[in-house]
Amino acid sequence: MEAGANQRESDQPSYPDGVPNPYEFGFIPIGVAGARSMDHGEESIRAVCECLDRPVRFIDAKGYERGITAGAVHPEKGWIAWVEYRCKTRWDGWVNIEFRLKARVDDRDAINWIVETYNPFFGCRVGYLAWHHGRVVVIYREKHRTYACSLSATREKRVLVEMTDEWAVVGDQITFRSREPGFVESLSLPELRRRARISSTEARAAGVLPPDYDDANEANLQVQSTVKKKEKPRFWPF
């Protein structure tokens, strides 16, 4: 690889915050780029890097760029979890890219999961990553959808749930906009078990209404109204 290319990669990550760098790839995936970032994300990444004794981003021995986009430290045990991309552009322009969620418990590798995405080339933005007892819970946005995933450090069953883009983590639950207008869905933490849906009025009163819920719910209502109008017959058949 040419020296100039090495310098460019050193200055500009290919996937800052999990989003494709438009100066390198020439496009911006709206869904991923518009998704929520982690609160205190840079601080959490620095803490994980200190534990790993490595930089946030580097080029490995095989020429792959590796960068951490999200991190979490267990508040009591000091266990660490992080999401990392591994990326390299081949001679023919094809981009080898993957995102992995990894965790280390008591100096042993406990989780190494290839994050499920439609296509990792379009990015993977993490909005939430935290330890809940012995499980790691992550919320991320890929090209088309938002997912929550709960992974165990003791190799118990992994749970993956599709959500909507409007979500909140409040206490022992994740709430998110229901696809049925006027309602809010809920998942327990850390198991991600579905709870009974509640109305947006109830969620607002309880302080668990997701950010941007109202605008997204109104847009959903308009889409469903348009679909119903198209489905309505223009005349009665004889």
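The values are calculated or read from the model by the stated rules, or taken from the named source; none is laboratory data. This is a predicted model, so every value here is computed, not measured. Cβ placement follows ideal geometry from the backbone for every residue including glycine, while neighbour counts extend to all protein chains displayed.
For the structure I just gave you, tell me whether Ala103 is crowded, with 21+ Cβ neighbours inside 10 Å, modelled with pLDDT of 95 or more and within 12 Å of the chain's Cα centre (by Cα). So Ala103 fails the test. For the range 73-84, filtering for residues that are assigned to a strand (DSSP E or B) and farther than 13 Å from Cys51 by Cβ leaves 2. For Asp39, the requirement of being of a type in the set (D, E, K, R) and out of contact with any Phe, Trp or Tyr (no Cβ under 9 Å at 6 or more places or on another chain) is not met. Whenever a residue of the range 55-70 is farther than 17 Å from Trp91 by Cα, its partners that are loosely packed, with under 15 Cβ neighbours inside 10 Å, lying with C-beta atoms within less than 7 angstrom and at least six residues away or across chains, give the pairs Arg66/Phe58; Arg66/Asp60.
All conditions in (1) free of Cβ contacts under 8 Å to residues at least 24 places away in the same chain; (2) surrounded by 15 or more Cβ atoms within 10 Å (Cβ to Cβ); (3) among the aliphatic types (A, V, I, L, M) hold for Ile114, with the sole exception of (2). A Cβ distance below 6 Å, combined with a sequence gap of six or more or placement on separate chains, defines the contacts here; from the range 142-154, residues that are free of Cβ contacts under 8 Å to residues at least 60 places away in the same chain reach residues that are of a type in the set (Asp, Glu) in the pairs Arg145/Glu162; Tyr147/Glu162. Here Asn96 meets each of (1) in contact with a helix residue (DSSP H, G or I) (Cβ under 6 Å, 6 or more places away or on another chain); (2) touching a residue at least 24 places away in the same chain (Cβ under 8 Å); (3) more than 16 Å from Leu129 (Cβ to Cβ) with one exception, condition (1). Per this entry, Val138 is counted among residues that are of a type outside the set (Phe, Trp, Tyr) and in contact with a Leu (Cβ under 6 Å, 6 or more places away or on another chain).
Taken over the range 40-59, the criterion of being in contact with a Gly (Cβ under 7 Å, 6 or more places away or on another chain), hydrophobic (A, V, I, L, M, F, W, C) and over 11 Å from Glu84 (Cβ atoms) is satisfied by Ala47 alone. Determine, yes or no, whether Cys87 is more than 14 Å from Arg141 (Cα to Cα), among the hydrophobic types (A, V, I, L, M, F, W, C) and not in a helix (DSSP H, G or I). Yes, satisfied.
Across the range 196-221, what is the number of residues that are in a strand (DSSP E or B) and surrounded by 12 or more Cβ atoms within 10 Å (Cβ to Cβ)? Selection size over the range 196-221: 3. Comparison of Tyr128, Tyr118 shows that the only residue that is in contact with a strand residue (DSSP E or B) (Cβ under 9 Å, 6 or more places away or on another chain) and modelled with pLDDT of 95 or more is Tyr128. Checked against (1) assigned to a helix (DSSP H, G or I); (2) surrounded by fewer than 11 Cβ atoms within 10 Å (Cβ to Cβ); (3) at pLDDT 95 or above, Lys230 passes all but a single condition, namely (3).
Of all the residues in the range 135-180, those that are buried (at least 16 other Cβ atoms within 10 Å of the Cβ) and either modelled with pLDDT under 95 or of a type in the set (Asp, Glu) (or both) number 4. Assess whether Ser188 counts as being in contact with a helix residue (DSSP H, G or I) (Cβ under 9 Å, 6 or more places away or on another chain), over 15 Å from Ala70 (Cβ atoms) and not charged (D, E, K, R). For Ser188, the condition - in contact with a helix residue (DSSP H, G or I) (Cβ under 9 Å, 6 or more places away or on another chain), over 15 Å from Ala70 (Cβ atoms) and not charged (D, E, K, R) - is not met. Highlighted here are the helices (runs of 4 or more DSSP H) found entirely within the range 22-72 that include at least 2 residues which are among the small types (Gly, Ala, Ser): 30-33, 41-52.
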